[in-house]
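Notes for the one structure printed next.
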Amino acid sequence: MKTLHFLPVPCALGGPPVAHGQGSDAGPEHLQHLGFGAVSRSLGLRAEWHHALTPLQGDRWASLCELLLRLDQRVAELAGPGRLPVIVGGDHSIAAATWRGIGHALHRAPGLLWIDAHLDANTPATTPSDNPHGMPLAALLGHGDPSITGLPGPALDPQRVVVFGARSWERDEHSLLGRLGVRVYAMAEIEQRGLHTCLHEALQRVAGGDFGITIDMDVFEPGEAPGVDCPQPGGIQSRVLLAELRGMARHPHCVGLEITEYNPHRDSACRTGRLARDLLETLLLPESADLRQWEAEHGAHNYAPLPVMLARGEGSWLWDAEGRAYIDMMSAYSAVSFGHSNPRLVAALESQARRLAVTSRAYHTDRLPLLLKRLSEITGYDQVLPMNSGAEAVETALKAARKWGHQIKGIAEDQVEIIGCAGNFHGRTIAIIGLSTEPQYRKGFGPFPPGLKCVPYGDAAALEAAITPNTAAFLVEPIQGEGGILVPPAGYLKACAEICKKHDVLLIADEVQTGLGRTGALLACEHEGVRPDGVCLGKALGGGLLPVSAFIADRRLMRVFTPGDHGSTFGGNALAAAVALEALDLLVDENLVERAKRLGEHLMRGLNDLKSPLIRDIRGRGLLTGIEIDPAYASAREICEALAAHGVLTKDTHGTVIRLAPALTIGEDVLELALERIAETLQEFEHRVPRRA
Ligand code: PLP
């Protein structure tokens with residue numbers, strides 16, 4: 001990739017007069033504060049940020065012409081083989097020099113993709129406002145005042161110029177472009193034919209040889225980018241354009257970029273500036289193959305992801321870097337229960353991030369108490385200990401149980417035992433994998449802490465037999481998730497609760513995956529009327545945006561913790577608290593527990609109706625479902641890869657199980673579509689001769 005050469009041009013001379021630094025001339029500096037230049041570094045690109053080219057004081061038109069002359073010269077120095085000038089405006093009048101300067105360096109005119117709400121193709125003779133920012137395109141094509149049409153460098157070839165996104169123009173400029181043969185994709189056409197089709201066509205026209213892209217931020221819908229000088233309703237939605245422009249600046253023929261007309265004074269929330277930053281990043285994004293290679297080279301190989309590179313998510317849909325859409329039937333193992341980028345959660349995140357995020361628990365914040373109170377009210381437990389990951393919530397529970405066992409139950413120090421279940425999954429810390437029965441999770445990681453043992457899952461008698469006077473707690477998942485969506489026999493949890501009570505043993509439920517509505521009850525233990533002594537929550541508590549977990553219990557257990565016993569720098573931070581609080585409110589406001597129950601029944605019926613010979617078993621509760629695949633046909637991994645090819649993302653576990661855990665907010669139509677795609681995929685495997693035959 002070429003070296004980027006950022007050139008800020010803080011110019012507001014194109015529009016009506018404004019006080020110095022009060023218009024789009026303030027844009028470049030604001031963008032730099034927002035990390036505009038740093039984007040290139042994080043993408044692994046070489047970049048230089050050059051001194052700003054500032055206008056001289058004086059008559060507006062004369063100052064502008066003088067600036068354009070210098071800009072032309074400077075761009076000509078910065079352009080050329082192995083270099084990509086990135087001109088950061090200022091208003092769009094500067095484009096009159098940028099693209100002459102690039103042609104000047106190349107000794108030929110580049111093609112140009114002009115992305116803008118306006119045509120910018122007036123001349124001094126046709127402009128109603130007399131503002132030079134309405135003229136640069138005409139000037140680049142050789143029409144207008146000689147002081148700007150006569151800048152060094154060739155005029156553009158109209159056949160290789162495309163205007164994209166226009167929706168506001170004077171009759172004269174439209175007819176000038178028409179006469180010259182410039183292709184204009186107005187918003188009405190883009191809306192009618194689709195942005196993808198139009199942009200693809202536009203690029204064919206401009207990108208046959210060297211080409212550049214100039215973007216006026218007013219091309220976007222003003223609701224998304226209010227910080228522009230001339231907002232025009234009916235603009236392009238940013239996510240749609242950004243998805244299409246991905247990696248475009250890495251095109252071997254791309255010779256320059258220009259982003260203009262960010263006026264921070266019209267956008268106190270900096271939305272336009274952040275969008276400009278996203279736009280630059282999108283234009284520069286590496287190819288998926290490169291990203292994959294970087295991951296393989298610089299990342300530890302502790303995962304084997306499906307071969308999909310995701311770039312965007314919204315609700316129950318995910319899009320990969322190439323723009324293919326997938327139904328997310330996994331929701332990050334239930335962490336995305338409210339769908340991707342849920343607007344309420346994103347709003348809570350954004351506003352809190354601007355206010356206060358992390359202070360550590362060395363101080364109180366005005367957010368955490370709200371979460372503690374709400375979580376306590378909603379779950380009916382006295383107290384909450386906030387952490388980050390699910391594993392930390394479980395570690396917290398183990399520590400609580402050990403200290404309770406010693407201090408309250410009177411078990412000798414260091415003799416406390418905790419019982420777990422075979423096939424469990426509670427996370428990956430040393431203590432937790434000490435309780436795991438999965439050989440791969442343990443091998444090579446010992447020694448493990450003593451005092452941990454397992455009994456068969458679903459066997460209450462085995463639990464009772466394993467309890468000794470030193471047993472402090474029984475840790476159990478109401479449904480084993482990672483273990484293969486295993487639902488224990490009816491009455492199991494109830495029997496366990498009675499046994500625990502009888503022996504003064506704490507019942508601790510790991511509801512990191514099953515909690516917060518996933519199974520059609522707030523907590524899965526409720527299906528059996530069981531109220532554990534302590535509950536671990538995680539995943540969905542972070543609203544799919546942050547890691548937020550908690551251990552919740554009544555005072556009789558939680559009182560074992562005193563200041564200094566346990567904690568985490570990030571646990572309970574203000575940002576996490578604000579998001580978790582909103583997540584809990586969403587759960588209630590949108591009646592998602594009930595929805596999970598209803599949609600879960602629908603999903604289960606739909607899967608049963610498939611009557612596929614590949615399916616050996618379908619199990620689960622609410623929207624936590626496992627499909628056991630007959631390995632004679634295919635492995636669960638093979639099916640998951642085929643499902644991805646059909647636009648459905650799921651995940652295999654234990655070789656034979658496909659798990660389905662869509663967002664609780666998934667639309668019924670999307671769920672139906674997922675079922676259709678699952679059916680099609682399974683049918684493709686049906687013709688396979690079972691391997692055992
Ligand atoms: N407990 C259960 C039941 C889980 O399913 C998981 C993760 O899948 C965890 C704990 C660990 O959570 P985390 O990965 O956030 O540490």
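The values are calculated or read from the model by the stated rules, or taken from the named source; none is laboratory data. Just so it is clear, the structure is predicted and the values come from calculations on it, not from any experiment. Note: ideal-geometry Cβ built from the backbone for every residue, glycine included; neighbour counts use all protein chains shown. Surface accessibility is based on the protein's heavy atoms, side chains included, excluding ligands, DNA and RNA. Shrake-Rupley method; radii C 1.70, N 1.55, O 1.52, S 1.80 Å.
Per residue, the chain exposes an accessible area of 41 Å² to a 1.4 Å probe, with every protein chain left in place.
Farthest towards the positive end of the charge dipole of the chain, among the residues Ile411, Gly313, Leu7, is the Cα of Ile411, using unit charges on the Cβ of Lys, Arg, Asp and Glu.
To the nearest 10 degrees, how steeply does helix 343-355 sit against the main Cα axis of the chain, on a 0 to 90 scale? For helix 343-355, the angle is close to 80 degrees. Exceedance of the 25 Å cut-off in Cα-Cα distance is limited, within the set Lys409/Lys494; Lys409/Lys502; Lys399/Lys651; Lys539/Lys597; Lys409/Lys539, to Lys399/Lys651; Lys409/Lys539. The 1.4 Å probe gives accessible areas that order His602, His133, His364, largest first, as His364, His602, His133. Secondary-structure-derived ellipticity at 222 nm for the chain, considering helices only, amounts to -11000 deg cm²/dmol, per-run term -39500 (n - 2.57) for DSSP H runs with n ≥ 4.
The magnitude of the dipole of region 139-261, with charges of +1 and -1 set on the Cβ of Lys/Arg and Asp/Glu and taken from the Cα centre, is near 500 debye.
Sorting 74-83, 478-487 by their mean Cβ neighbour count within 10 Å, with the most densely packed peptide first, gives 478-487, 74-83. Rounded to the nearest 10 degrees, the inclination of helix 368-379 to the longest alpha-carbon principal axis of the chain is 50 degrees. Over all alpha-carbon pairs of region 244-293, lay out the pair-distance distribution in 5 Å bins, whole %, shortest bin first. For region 244-293, the pair-distance distribution reads 5, 19, 22, 20, 14, 11, 6, 3, 0.
On the principal axes of its alpha carbon atoms, region 521-620 extends 57, 28, 27 Å, with the longest extent given first. Of all alpha-carbon pairs in region 340-427, indicate the percentage at a distance above 23 angstrom. Percentage above 23 Å: 47. Ranked by the mean number of other Cβ atoms within 10 Å of their residues, highest first, the peptides 25-33, 111-119 fall in the order 111-119, 25-33. When the convex hull of its Cα atoms is viewed from all sides, region 35-75 shows a mean projected area of 3.8 nm². Could you work out the percent of alpha carbon pairs in region 350-393 separated by over 16 Å, rounded to a whole number? Value for region 350-393 (Cα pairs over 16 Å): 51 percent.
Divide the volume of the convex hull around the Cα atoms of region 180-293 by the residue count and you get 122 Å³ per residue. With Cα atoms defining each centre, region 646-693 and region 86-146 are spaced 53 Å apart in the structure.
Heavy-atom surface analysis with a 1.4 Å probe gives region 236-301 a carbon and sulfur content of 47 percent of its accessible area.
Evaluate region 2-55: find the radius of gyration of its Cα atoms, find its Kirkwood radius, and give the ratio Rg to Rh. Rg/Rh for region 2-55 comes to 1.06. Structural descriptor for the chain: relative contact order 11 percent, calculated from alpha carbon pairs under 8 angstrom and at least 6 residues apart. Based on the convex hull around the alpha carbon atoms, region 384-454 presents an average projected area of 5.1 nm². Could you give log10 I(q)/I(0) at q = 0.14, 0.21 Å⁻¹ for region 538-693, computed by the Debye formula over C-alpha point scatterers of equal weight, without solvent? Values, matching the q order: -0.81, -1.28. Considering region 504-552 at the alpha-carbon level, its Rg and Dmax are found to be 11.0, 38 Å. Here's how it looks for Asn424: its modeled amide H is under 5 Å from those of Thr437, which are all 5 or more places away or on a different chain. Annotation: Cα Rg of region 300-392 relative to the compact-globule expectation 2.2 N^0.38 Å equals 1.40.
In the chain, a dipole from Cβ-located charges (positive for Lys and Arg, negative for Asp and Glu) runs towards its positive end, and of Ala125, Pro146, Ser612 it is Ser612 whose Cα lies farthest in that direction. The packing ranking, built from the mean of other Cβ atoms within 10 Å per residue, places the peptides 465-475, 330-340 in the order 330-340, 465-475, highest first.
For the chain, the C-alpha radius of gyration sits at 1.15 times the compact-globule guess of 2.2 N^0.38 Å, with N the residue count.
The Rg/Rh ratio for region 72-210, using Cα coordinates for both the radius of gyration and the Kirkwood hydrodynamic radius, is 0.96.
I want to verify the translational diffusion coefficient of region 604-693 in µm²/s; compute it with Stokes-Einstein, Rh as the Kirkwood radius over Cα pairs, at 37 °C and 0.692 mPa s.
In µm²/s, the coefficient is 250.
Annotation for region 372-477: trypsin sites (Lys or Arg not before Pro) lying in DSSP loop with at most 14 further Cβ atoms inside 10 Å of their Cβ are Arg428, Lys443. Checking every one of the GluC sites (Glu not before Pro) in region 265-345 against DSSP loop status and a limit of 13 other Cβ atoms within 10 Å picks out Glu322. Reported value for region 233-387: 216 Å³ per residue, from the convex hull of its C-alpha atoms. Dividing the radius of gyration of the alpha carbons in region 489-530 by their Kirkwood radius gives 1.00 for Rg/Rh. The calculated pair-distance distribution of region 315-354 uses every alpha carbon pair, bins of 10 angstrom beginning at 0, and gives 29, 42, 27, 2 percent. Computed from Cα atoms, the angle from the helix 60-78 axis to the main principal axis of the chain rounds to 70 degrees. In region 527-576, inverting the average of 1/r over every pair of distinct C-alpha atoms gives 12.8 Å as the Kirkwood radius. Extent along the principal axes, Cα only, for region 432-550: 41, 39, 23 Å, with the longest axis given first.
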